[in-house]
Amino acid sequence: MKESAYKSYNELPLFLNAKLVAQVLGISPSSGYELLHQQDFPTLKIGNRIVVPKEAFIQWVKRNTGGGDG
């Protein structure tokens, strides 16, 4: 597993793209893109872009890890 470049949720921008989601979770970029296309992942489509609101991402992590302080 790759190590995340981020040490706190406070360091994240308001919206995350697939590449940033992958970096935060320590997964490959292709896995980040796959995650954004999963039914239960909190995405927002803006034109052709798919982004993840920071707060929704944090809640998703907490639901799927049983906590996840940042």
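The numbers here are math on the coordinates, done by the rules we state, and not lab data. Only a predicted model underlies this, so the values are computations on that prediction, with no experimental measurement involved. Note that we place each Cβ from the backbone using ideal geometry, even for glycine, and neighbour counts take in every protein chain shown.
Observations on the model:
- Annotation: amide H-H contacts under 5 Å for Y6 (H modelled 1.01 Å from N, sequence separation of 5 or more, or interchain): none.
- Ranked by the mean number of other Cβ atoms within 10 Å per residue, highest first, peptides 53-65, 15-27 order as 15-27, 53-65.
- Note that the stretch 38-43 has calculated 3J(HN,Hα) couplings of 6, 4, 8, 8, x, 9 Hz, one per residue in order, obtained from phi through the Karplus relation 6.51 cos²θ - 1.76 cosθ + 1.60 (θ = phi - 60°); glycine and proline are x.
- Entry for P(r) over Cα pairs in 5 Å bins from 0, in percent (calculated from the structure that is shown) out of (i) 3, 13, 8, 9, 7, 7, 8, 6, 6, 5, 5, 4, 4, 3, 3, 3, 2, 2, 1, 1, 0; (ii) 3, 15, 21, 17, 14, 11, 8, 6, 4, 2, 0; (iii) 3, 17, 29, 31, 15, 4, 1: (iii)
- Each label was represented as a point 7 Å from its Cα along the Cα-to-Cβ direction; for Q38 and Y9 these points are 1.8 nm apart.
- Virtual paramagnetic centre 7 Å along Cα→Cβ of I58, amide N under 20 Å, in the stretch 25-52: 25-26, 41-44, 51-52
- Close amide H contacts of F15 (hydrogens built in the peptide plane, cut-off under 5 Å, sequence separation of 5 or more or a different chain): K54.
- For the chain, calculated [θ]222 nm from helices alone, where every DSSP H run of n ≥ 4 adds -39500 (n - 2.57): -11500 deg cm²/dmol
- Per-residue Karplus couplings for the stretch 29-34, computed as 6.51 cos²θ - 1.76 cosθ + 1.60 with θ equal to phi - 60°, are listed in order as x, 5, 5, x, 5, 4 Hz, Gly and Pro entered as x.
- Note on the stretch 9-48: semi-axes of the ellipsoid equivalent to its C-alpha gyration tensor, largest first and rounded to whole Å, are 16, 14, 9.
- Nearest-ten-degree value, helix 54-65 long axis tilted from longest Cα axis of the chain: 60 degrees
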